[in-house]
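Note sheet for the following structure.
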Amino acid sequence: MATSAKDLPFREETFRDDFTFKNSPETVLRAPFPFDKDSYMYAVNMELHRDGRPGTAYEAPIDVDEHYVSEMKDRALVLDEDPLRYQSLPHMTLAGWDTLELLMTCKAETYPEWFSLTRDGDNWHWVNRPMGIDQHFVFGDESTLPYAPLEYITRQAQGDFCVLDERDGNLWMDAGMVTTQADWSLDFDIGMNFFEWHAPVPLAHEKGIFKRALKYLLSIQQGNPARRLNWTMTVNPRLDTSPENYHIWGPENTHITPENVADKLFLRIELQSFWRLPRSNALLFPIRCYFLSMRDLSTVPKWATRMHRVLQTLPPEIASYKGLDNYREIAINWLSQFDDGKPTSEGPHPD
Amino acid sequence: MSMLASLDVVVTDVVTVNSLIKRFHFARADGSPLPAFSGGAHIVIEMQDGDTIRRTPYSLMSSPLNTQDYQVSIRRDDEGRGGSLFMHNKVTKGMSMKIGYPANLFSLDKRAPKHLMFAGGIGITPFLAQIHQLIKTNGNFELHYSARNEELGAYSEELKQLLGHRLHVYYDDQDQRIDFDALLSSQPTGTHVYVCGPAPMIEHVIQRSAAHGWPDAHVHFEHFAKAPPGEAFTVELQTSNKKIEVGENQSMLEAMEAAGVDAPYLCRGGACGQCETNVLECDGNLQHEDHWLEDDERASGKKVMPCVSRFKGSRLVLDR
């Protein structure tokens, strides 16, 4: 029977130093596994973000799982060290209020035992029980919150959040909260348009992917959010793999050995969703990170087999761009013990 | 409404504004608030007109902060395919209808130090919503509104009360004309210009702002083409493996939808590009009515916008 995330207690764990992060078996099974076949290539793999099946990360529009409280502590640590991980250009304040409303209403509706929102006109009351927050404030009045609205609510929501202004038929990265990123920097990308911030991605430009993806994103309407999955790999369950901190995590890329690969190397899945915001007409782009260790993957035979085949057949440009070159062969060798050479069933879900 | 979620609403009032315009009020059928929106947004109204389902976009004119009462003003078009006539003649208070979520192709640039607005006739409606938004945020703007005569200058009295010197009204029958050149050559740096009205007015503002050195990104226009009626024709849809008839008062997009084909759209007025479709075979003439395709794309005969364009000839095959 599918287990809901609501049945699991919040874990006390770390995403740095001693890395005590761990998935419970239920959390492994509900991960949004990104490969729907045995090979991988860039595609405009977007679909409507509708209520998914119970027991998966798609169950709720904004997913909250057993890592929530600890991830928020890690975010606070990152912001203490580097406040520029949150930025919002002056014209994006309205989009910040839109984001606050969306996240509060989604969470209160989906997880009433954890969150509640009471609205009396512009006088709002927000309760976040897992984080021990009880806040009265006036919607639209920044002076009634301890932080700007976008920073306030994204200190209480797993995943990174980019807020994209729509102008001139393009999208502009004009606000965000980015502390759990796969080697990119909000401080570097702030103010860039869709084509500028995607410029480093190999192969996809030639395939015309970004032009088509932008057209799709511009068509996203209120009430009809969309999603896609992206992935990379990370050594250690480190949420903050930022360019600013490359000196800390970069050297770890050479630390994978046949002995430690099962528990030290992680598939890093990004569940990206796209929401049209009502008052600002901006797009909210949450990027939620899920970690599965190679050992986690091995508990689902289909996933271990497929990961093995994807890594074997991955084009070298993509492997290099994702930073896999130091440990790809080690991972392939370890995963090979789970690959019986037989065809896998269709789709991403476990058999 | 296609595969997208839509809103169930009730018509809460129908108000005659003048001899050509009626205003329609909508509330959510279950009494819950409607979504907030941004000034300049439109909704697509779904109309069950006999056997035909029409979906026509109209600008929201009510305050974007008002989530109890959506308002649109619709000008009766006796020559059109029937959407406005359906709204004027068939829609009454208390009726249940479906509308799409608000979508905005005519958004304010929130960075602008000043907004210069030009409205012609019924083109006033998106500005009404934008003005509410700008008043709330203390935005700097001025509105120039031209109409045929006082009777057809809908909402000009209310706007005078609300805006004072920020409003300038011009009536054709009193020989009053907007002096576009004087206005476009005397704005503070960074101003954005917005125009919604008859096609010649939009073309004129685009042309004159370019002549005065305005950057394209500072010139905004709402260019809804109306899908024109025309002779019936047949289209083959290769991917869906269907052959469909497009009626005289039907668009290709509507005919696809009637045949159960889920075709993409957003504006349904030839402006947004979402319904762009590849032409696989064409023995005859495509009658392009959109504002989206470039001249070379039209000349190639390989693209068509089925929300507004038509066809005359013996065979048309689309990649849909």
* To do: Kindly list the number of the only condition in (1) at pLDDT 95 or above; (2) at positive phi that fails for residue A:156.
  => (2)
* To do: Would you please name the residue that is nearest to the other protein chains (Cβ to nearest Cβ), looking only at residues in region A:208-219 that are without any contact (Cβ under 8 Å) to a residue 12 or more places away in the chain and in a helix (DSSP H, G or I)?
  => A:215
* **Unmet criterion (only one of (1) touching a residue at least 60 places away in the same chain (Cβ under 8 Å); (2) over 19 Å from the mean Cα position of the chain (by Cα); (3) more than 14 Å from chain B (Cβ to nearest Cβ)) for residue A:342** => (1)
* **Test for residue A:43: is it within 22 Å of residue A:184 (Cα to Cα) and of a type in the set (Gly, Ala, Ser)** => yes
* **Criterion: more than 14 Å from chain B (Cβ to nearest Cβ) and either under 30 Å from residue A:318 (Cβ atoms) or in contact with a Leu (Cβ under 9 Å, 6 or more places away or on another chain) (or both) - qualifying residue of A:88, A:70, A:39** => A:39
* Structure fact -> Among residues of region B:76-85 being of a type outside the set (Gly, Ala, Ser) and surrounded by fewer than 20 Cβ atoms within 10 Å (Cβ to Cβ), the residue nearest to residue B:154 (Cα to Cα) is B:76
* To do: Among the residues of region A:207-222, write down those that are buried (at least 17 other Cβ atoms within 10 Å of the Cβ), more than 20 Å from the chain's Cα centre (by Cα) and of a type in the set (Gly, Ala, Ser).
  => A:219
* Asked: For region B:70-86, does any single residue satisfy the condition of being closer than 25 Å to residue A:219 by Cβ, of a type in the set (Gly, Ala, Ser) and without any contact (Cβ under 8 Å) to a residue 40 or more places away in the chain?
  -> yes
* **Which listed residue, of A:123, A:45, is away from chain B (no Cβ under 14 Å) and under 28 Å from residue A:212 (Cα atoms)** => A:45
* Select from region B:276-318 the residues that are surrounded by fewer than 16 Cβ atoms within 10 Å (Cβ to Cβ) and among the small types (Gly, Ala, Ser) and write down the one among them that is nearest to residue B:220 (Cα to Cα). => B:299
* Go through (1) loosely packed, with under 14 Cβ neighbours inside 10 Å; (2) touching a strand residue (DSSP E or B) at 6+ places or on another chain (Cβ under 6 Å) one by one and return the number of the condition residue B:73 breaks. => (1)
* Of the numbered conditions (1) within 15 Å of residue B:197 (Cα to Cα); (2) within 14 Å of another protein chain (Cβ to nearest Cβ); (3) out of contact with any strand residue (DSSP E or B) (no Cβ under 6 Å at 6 or more places or on another chain), residue B:113 satisfies every one except a single condition; which is it? -> (1)
* To do: Return the only residue of A:17, A:98, A:63 being modelled with pLDDT of 95 or more, of a type in the set (D, E, K, R), within 25 Å of residue A:294 (Cβ to Cβ) and buried (at least 20 other Cβ atoms within 10 Å of the Cβ).
  => A:63
* Residues of region B:97-110 that turn out to be in a loop (DSSP other than H, G, I, E, B) and in contact (Cβ under 8 Å) with a residue 60 or more places away in the chain, as a count -> 7
* Are any of the residues in region B:250-266 farther than 19 Å from residue B:52 by Cβ and among the hydrophobic types (A, V, I, L, M, F, W, C)? -> yes
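The values are calculated or read from the model by the stated rules, or taken from the named source; none is laboratory data. Here the structure is a predicted model, which is why all the values come from computation and not from measurement. Counting neighbours? That spans all protein chains shown, and the Cβs are built from the backbone with ideal geometry, glycine included.
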